[in-house]
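Derivation of every value follows stated rules applied to the coordinates shown; laboratory data play no part. It should be emphasised that the depicted structure is a prediction, and the values quoted were computed from it without experimental measurement. We place every Cβ from the backbone using ideal geometry, glycine too, and count neighbours over all the protein chains shown.
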Amino acid sequence: MPAPSILFVCLGNICRSPLAEGIYRHLTIRTSEKPVIASAGIGNWHIGNPPDRRSIKVAASHGIDISRQRARQVKAEDFRLFDFILAMDQSNLVRLETLRPENATARLQLFADFALGTNQDVPDPYYGDLADFEDVYSMLFSGCNAVVSRFA
């Protein structure tokens, strides 16, 4: 079964969701069918901006280049384009549920629930230091790896 198309969503699309997108893309690069992979934010504050420099640095330290990604906001068509829309935390999930159009086909779920079977939020490292970004990377890598293994 091919890896599903996934939209990863966090608040501003500069910390957690770009890391998840980069990790999932990296892990699925050798699969025969290339899933649609993207990330987006609930808010519009960072549209067009690259990921946070700390997200870029942590990803690069693991051999993943996310520097060309650009932040964008969730759009109505995302709810039809993707198999899954995965929220990084409960507040993002609640907001996505209010944005969901009637004709949506994407399944909305908390990232950790979908990937790891837990009800845990992926913590927002924005106000933290590089170690916080590394912790988030580790959590996202474990989750993305589990998703790829499930659909391999």
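Only helices enter this figure: runs of n ≥ 4 DSSP H residues, each worth -39500 (n - 2.57), summed and divided by the residues of the chain, yield -12500 deg cm²/dmol at 222 nm to the nearest 500. Considering only the Cα atoms of the stretch 6-150, their convex hull presents on average a projected area of 8.0 nm². Counting charges near SER61 (Lys, Arg +1; Asp, Glu -1) among other residues having Cβ under 12 Å from its Cβ returns a value of 0.
All alpha carbon pair distances within the stretch 90-152 were sorted into 5 Å bins beginning at 0; the resulting P(r) in whole percents reads 4, 16, 20, 21, 19, 13, 5, 1, 0. Subtracting the Cα-Cα distance of GLU33 and ALA146 from their residue separation scaled by 0.36 nm leaves 38.9 nm.
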